[in-house]
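Please read the structure below before turning to the comments.
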Amino acid sequence: MTEPHWRHQLRIDLPDGLAERARLDPEDALLAPLPEILRRHEARLRCQFDAFVGYVEEARAHGGQGYPLLAWTEATLNDPAKREKFLRSFSIQVRGEETYPAAVAEALLAELRPLEGTGPILRIAHYDTNPANNPQPPAASSAK
């Protein structure tokens, strides 16, 4: 059981063809029933690759200062294998938030689990904001 004060995020991986459809049209009928489930939870998909691109653009617009993951993110975007991986990976935002209370994540997860491996979802990952459960940002030297 997780601590109630930690926030949570769900991420899903989609097959290549569906991932591209989800990026272009998240309501595409081939994604069913995923769009309906997301609507019920006031949620939407955000492609991790697109999120990384947005982070780099924002960091560059601000001169890179205060963006500790800039070098790592740029290296990730330029690595073909990682690029492919993150084009298939989507975070689920709920009510516009990247992270949300455990009860929200668990309710959404309960509806998504039946789609994992049998529906449009290849894999579901459940993360929380507890630093002990998450890798720390890479050292600046590891991005080179």
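No value in this document is a laboratory result; all are computed from the given coordinates. Here the structure is a predicted model, which means the values were calculated and not measured. As a convention, Cβ positions derive from the backbone with ideal geometry for all residues, glycine included, and neighbour counts pool all protein chains shown.
Structure values in brief
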{"quantity": "Stretch gain in nm, segment Ala110-Ala75, where the contour uses 0.36 nm per residue and the Cα spacing is subtracted", "calculated": "9.1 nm"}
{"quantity": "Nearest-20 debye value, the chain charge dipole, Cβ charges on Lys, Arg, Asp, Glu", "calculated": "220"}
{"quantity": "Calculated Rg and Dmax of the chain using C-alpha coordinates, Å", "calculated": "15.9, 45"}
{"quantity": "Theoretical gain in end-to-end length, Glu97 to Glu58 [0.36 nm per residue, Cα-Cα removed]", "calculated": "12.2 nm"}
{"quantity": "Modelled FRET efficiency - R0 30 Å, Glu27 with Lys82, Cβ distances, 0.05 increments", "calculated": "0.60"}
{"quantity": "Order of Asp50, Asp16 under a 10 Å beta carbon neighbour criterion, fewest first", "calculated": "Asp16, Asp50"}
{"quantity": "Per-residue [θ]222 nm for the chain (sum of -39500 (n - 2.57) over DSSP H runs n ≥ 4, rounded to 500)", "calculated": "-11500 deg cm²/dmol"}
